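Presented below is the structure to which this report refers.
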Number of protein chains: 2
Amino acid sequence: MTASLAVAAQPTHINGLNVQAAVDTIAALKADKSLARFQFRARNKWVNGGENRSTIRDFYGAGQEDTSRAASFEFTNGEPPVLLGDNEGANPVEFLLHALAGCVTTTFVLHAMARGIAIRELSTELKGNIDLQGLLGLDDSVPAGYEQINIQMHVKADCTDQELDDLLNYALQHSPVCNTVCRPVPVVIERIKA
Amino acid sequence: MTASLAVAAQPTHINGLNVQAAVDTIAALKADKSLARFQFRARNKWVNGGENRSTIRDFYGAGQEDTSRAASFEFTNGEPPVLLGDNEGANPVEFLLHALAGCVTTTFVLHAMARGIAIRELSTELKGNIDLQGLLGLDDSVPAGYEQINIQMHVKADCTDQELDDLLNYALQHSPVCNTVCRPVPVVIERIKA
């Protein structure tokens, strides 16, 4: 085998992720830890009742303001009729499940790449139980949020079951959204007096 | 004023919410607390790299499976180029901010209605700081999730500043997503062996 063939045989992508770009990013962060500091942002406007809309575009990271997005993403929260809405959108606690599913998935796929594991299929089902007596202020002993969130993951990959379980455990511990849910994270609110 | 005029003068909606429906819902929950138990769900499928997609439709609540949605909501997580993606969608930590913004807003508007306060305008800006050394596993002392989330709220309403501040404090304590972020909530994952 010639040297050039050996280079060609190296995968440029694993799980759809550019391996060299990942290696370069890690090297840059190790050389300058401040590049790992990100700030994400959302702007939301109330529409009516349980309907409100967020726009998401800019963020700070890797040492600069990001300018890669030509337009804003826009998402609408709503509520079903049983919660006084008209299904204008999924509701906020459902969007939280979407965020958690996506984060655990991306963290899993990323660290699979780092371990050279090719994922063939990956899907999750999430269920979160909540007692709305908390939201409504009917019983102070009932927390307003989710009691627990359960995730079932179906995954097919080119590795052993033990490697999959190790990877899954690692992904759960290193997923930013999962960590934000599992850990108490302060939310600080300030009313702007116009 | 005749009795019928007095009835007509009662607002049927405050802040876009049906007051009588809210009163009836609260009365039903007080009579049977099991009606307050909800289960929300999401199904997510990995597409490629940092792209994955959730569908959200069914949930259980108020004593039955909900059938009000004619179709599923569908949302795509993606990542920006600096995080090895192609902006296929907002990313999971940004969707978390959307969920939080929407939940604080809806909780605020709901409890404003309960207090008879009419909201004229309401918008929020959220910022969350995160150090990606956590996600990448480069430093075990760095949490993977948000360090803190800051919300700035602009609100105009037919009440005093003191009433607004009381309402804001109450909404923050009773918002399900805010409570899920502020409190440690267990996330339990199970790999389905097909």
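The values are calculated or read from the model by the stated rules, or taken from the named source; none is laboratory data. Being a predicted model, the structure only gives us computed values, none of them experimental. Here the Cβ positions follow ideal geometry from the backbone for every residue, glycine too, while neighbour counts run over all protein chains shown. To get the accessible areas, we keep the full protein, side chains included, count just its heavy atoms, and leave off ligands, DNA and RNA. Shrake-Rupley method; radii C 1.70, N 1.55, O 1.52, S 1.80 Å.
Any idea what angle helix B:161-174 forms with the longest principal axis of chain B, computed on alpha-carbon atoms, 0 to 90 degrees, nearest 10?
So the helix axis and the longest Cα principal axis differ by about 50 degrees.
Using a 7 Å offset from Cα along the direction of the beta-carbon, what are the separations from A:Q152 to the same position in each other copy, nm, ascending?
Label-point distances to the other copies, shortest first: 4.5 nm.
Defining the label point at 7 Å along Cα→Cβ, can you sort the distances from B:R183 to the same site in each other copy, shortest first, in nm?
Copy-to-copy label distances at B:R183, shortest first: 2.0 nm.
I'd like the accessible area for B:V23, computed on protein heavy atoms only with a 1.4 Å probe and all protein chains in place. Round to 10 Å², please.
Accessible area of B:V23: about 80 Å².
Going 7 Å from Cα along the Cα-Cβ axis for the label, what nanometre distances separate A:E163 from the same residue across the other copies?
Computed spacing set for this position: 6.4 nm.
Hey, what number do you get for chain B at 222 nm if only DSSP H runs of n ≥ 4 count, each worth -39500 (n - 2.57), divided across all residues, to the nearest 500? Before the final figure, lay out each step's value.
Values: 6 runs with 68 residues, N = 194.
Dividing the helical sum by the residues of chain B leaves -10500 deg cm²/dmol.
Region A:149-190: D in µm²/s via Stokes-Einstein (Kirkwood Rh, Cα pairs, 10 °C, 1.306 mPa s)?
Working: Rh = 12.5 Å.
It comes out at roughly 127 µm²/s.
Measure nothing fancy, just the Cα-based angle from helix A:19-31's long axis to the longest principal axis of chain A, in degrees from 0 to 90, nearest 10.
80 degrees
Against the globular-protein guess of 2.2 N^0.38 Å, express the Cα radius of gyration of chain A as a ratio, rounded to two decimals.
Working: Rg = 20.9 Å, N = 194, 2.2 N^0.38 = 16.3 Å.
Compactness ratio reported: 1.28.
Below 12 angstrom from the Cβ of B:S123, what's the summed charge of the other residues (Lys, Arg +1; Asp, Glu -1)?
Numbers: positive: A:R43, A:K45, A:R53, A:R191, B:R120, B:K156; negative: B:E121, B:E125.
Summing Lys/Arg as +1 and Asp/Glu as -1 gives +4.
Taking the square root of 5 times each eigenvalue of the Cα gyration tensor, what semi-axes in Å does the equivalent ellipsoid of region B:40-133 have, largest first? The partial results should precede the final answer.
On the way: eigenvalues 173, 99, 21 Å².
Equivalent ellipsoid semi-axes, largest first: 29, 22, 10 Å.
In nm, to one decimal, how far is the modelled label at B:V188 from the one at A:Q162, with both set 7 Å along Cα→Cβ?
2.7 nm
Given B:G89, A:F95, B:A42, which one lies farthest toward the positive end of the charge dipole of the protein assembly as shown, if we put +1 on the Cβ of every Lys and Arg and -1 on the Cβ of every Asp and Glu?
B:G89
Let me see the P(r) profile for the protein assembly as shown: every Cα-Cα distance counted, bins of 10 Å, each bin given as a percent of all pairs.
Histogramming the protein assembly as shown at 10 Å steps yields 5, 23, 32, 22, 11, 5, 2, 1, 0, 0 percent.
Sort B:94-100, A:72-78 by packing, meaning the average of other beta carbons within 10 Å per residue, with the highest value first.
Numbers: B:94-100: 30.0, A:72-78: 19.9.
Answer by packing, highest mean first, reads B:94-100, A:72-78.
Consider just the alpha-carbon atoms of region B:34-93 and return their Rg together with their Dmax, both in angstrom.
Rg, Dmax (Cα atoms, Å): 15.2, 47.
If amide hydrogens are placed 1.01 Å from N in the peptide plane, which non-local residues have theirs closer than 5 Å to the one on B:G49?
A:G16, A:L17
For labels at B:A118 and B:S34 in the simple 7 Å Cα→Cβ model, what's the distance in nm?
Here the answer is 4.2 nm between the modelled labels.
For region A:113-192, what log10 I(q)/I(0) values come out of the Debye formula at q = 0.16, 0.18 1/Å, with one point per alpha carbon and no solvent?
Log10 of I(q)/I(0), two decimals: -0.80, -0.90.
Name the residues whose placed amide hydrogens come within less than 5 Å of the amide hydrogen of B:H13, ignoring near sequence neighbours (fewer than 5 apart) on the same chain.
Distant-sequence amide H within range of B:H13: B:V19.
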